Amino acid sequence: MDRIYLDNAATTQPAPEVIEAMLSCLRKTYGNPSSLHSVGLEARGLIESARRKMAAFINASPDEVIFTGSGTESNNTVIKGIALSLQDKGNHIISTAIEHHAVHAPLSFLEEQGFKVTYLPNDDEGLVDPDDLKKAISEKTILVSVMHANNEIGTIEPIRELGAICRERGIYFHTDAVQTFGHLPIDVQEMNIDLLSASAHKLYGPKGIGLLYARKGVKIKPLLHGGDQEKRRRASTENTPGIAGFAKAVELAATEMEREALRQTRLRDRLISALLELVPESRLNGHPKLRLPNNINMSFAYVEGEAMLLNLDMQGISVSTGSACTSASLEPSHVLAALGLTQELSHGSLRFSLSRSTTEEEIEQVISTLTPIIAQLRAMSPLYRKQAVK
Ligand code: PLP
C-alpha cells in the first residue's frame, strides 16, 4: 500500500509541474539576474514574471512583492525591520499567544532589546477578539502581527476586522499567511493587510523560498545587507529555481484552490465526525467551521500522541502531534495550552493535514486504522482502566 501522507501543514510534496519548472530553470535559466548580458536578462525576466504572478494572486502590485528565503525570514524581516525603522515612534508591538515560533522568537528577541509586546488572548477555539486589539493599542504601538490561520489547530482569524482597526489608527498590520497562501483567497487591499508572509513549501512548492508583501510606503529595514537585489530590501543572489517553482505552485493554486478547499473540507469533516463518533472521550481542537480546509487537530484522552503517531507510522500513515516544530521536543504545545487544554489532553493530540492528493479511501483507511490503535493503547493504560472501573 502507498503511504498515506497527512502532514501537509509541516510540508507538502512538490507538484510534478513545480519540479519540471525548477529543472528547466536549473538547466536553462542559470544566469545571474544582475548580469547585463542576455543570459542574465533571461533570469531577470523569469523573476519579474514570477513577481507579477505573485502580486496578481493577492491583489498587490509587483514592486510590493519581495522574495525571501522562507516564511521564517519574512516574519523576522517584518518584526525586526519595522521595530528598527520605527523605534523613534514607539516601542510597543501587539501579537497573539498562538503565533508560530517564527513570530514569537523574533518578538522575544525584541523584548530583550527593550521593546514591549502584548500577546492578545484567544477564546477556547483559538479566535482572537477584535475588541481586545482595540483595548491593547497605545500611542506607542508600531506594529500588530496576527496570523491568518493557525498551523496547529487551523483556526482562521478575523484578519479583515483586525486590519481595519490598525488602518484606522495608522498602525502597520502584518499577517503570517504561511498556512493560507495558496489555500484560501487573499486580497491584501480588501483585507487591510500592510505586510504578509508566505512560504512555497506549504503549497506544493520547494523549500527555501518565501515571499514578503510590503505595502508601498511601508518603511522596513532589511535583515540582510549586501547587494542591491530586491531593490535593497533583501540582499543575496536570487534563488531563481526556487522562484520558478514558487511561481508554478501559485499558478496551480490559482486554478485549483477553490475546488480543493471544498473537497478537502468535506474530507476534513468526515474524519472529524467519524473519530468523534467512534472514539469516546475525543475532542476537536480549534474552531469547527472557521478552520483551514485541510486541518484536523484532535485530542484523545488517556493516550500519548507519540504512541499513536508511531503506531500509525508503522501502518503507513504519516501524521503529526501538535505542530511539527514542537513535536520533536516534549514541550506541550503553546497553542493547545492557550486553548485551555490540560497537559494530558495536549499530549494526547494528533494533527492530520490533508493535501490535494488526499482521497476519500485514505480517510476511511485512517479511521479504520486509528480507532483500534487507540483502543489498544487505552487497554494498556492504567489511568484509563482506573477511570473505566469507576
Ligand atoms: N509560520 C507558520 C504559520 C508556519 O506554519 C511555518 C512553518 O511551519 C512558518 C511560519 C515557517 O515557514 P518556513 O518553514 O518557510 O520557514
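Only the coordinates and a few stated rules stand behind these numbers; no lab work does. Nothing here was measured: the structure is a model prediction, and the numbers come from that model. FYI the Cβ positions are ideal-geometry reconstructions off the backbone, even for glycines, and counts take in every protein chain you see.
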Problem set entry | Rounded to 10°, Cα long-axis angle of helix 38-57 versus longest principal axis of the chain | 50 degrees
Exercise. Placing +1 at every Lys and Arg Cβ and -1 at every Asp and Glu Cβ, with all other atoms neutral, what dipole size does the range 16-252 have around its Cα centre, in debye to the nearest 20?
Worked result: 1020 debye
Exercise. On average over all directions, what projected area in square nanometres does the range 45-181 have, based on the convex hull of its Cα atoms?
Worked result: 8.6 nm²
For this session: Would you mind computing, in nm to one decimal, how far apart the modelled labels at residue 270 and residue 28 are, each placed 7 Å from Cα along Cα→Cβ?
Result: 4.0 nm
Problem set entry | Between the range 38-70 and the range 202-259, the alpha-carbon center distance in angstrom | 7 Å
For this session: Amide H neighbours of residue 179 under 5 Å, at least 5 residues apart or on other chains, H built in the peptide plane: list them.
Result: 149
Exercise. Are any of the pairs 80/221; 134/221; 28/53; 80/140; 207/248 more than 19 Å apart by Cα-Cα distance, and if so, which?
Worked result: 134/221; 28/53
Seminar exercise, completed: Among 144, 98, 280, the residue whose Cα sits farthest towards the positive end of the charge dipole of the chain (+1 at Cβ of Lys and Arg, -1 at Cβ of Asp and Glu, taken about the Cα centre) is 144
For this session: Relative to the longest principal axis of the C-alpha atoms of the chain, give the angle of the C-alpha long axis of helix 101-112, reported between 0 and 90° and rounded to the nearest 10°.
Result: 70 degrees
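Please compute the Kirkwood hydrodynamic radius of the range 246-390 from all pairs of different C-alpha atoms, in Å with one decimal.
16.2 Å
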Exercise. Along the three principal axes, how long is the chain when you take its alpha carbons, biggest first, rounded to the nearest angstrom?
Worked result: 75, 52, 33
Seminar exercise, completed: Rounded to the nearest 10, the angle in degrees between the Cα long axis of helix 159-169 and the longest principal axis of the Cα atoms of the chain comes to 50 degrees
Problem set entry | Range in the chain, longest, excluding exposed GluC sites (Glu not before Pro) [loop by DSSP; at most 13 other beta-carbon atoms within 10 Å] | 191-390
Exercise. Given q = 0.26, 0.29 Å⁻¹, what are the Debye log10 I(q)/I(0) values for the range 79-147, with equal point scatterers placed on the Cα positions and solvent ignored?
Worked result: -1.21, -1.39
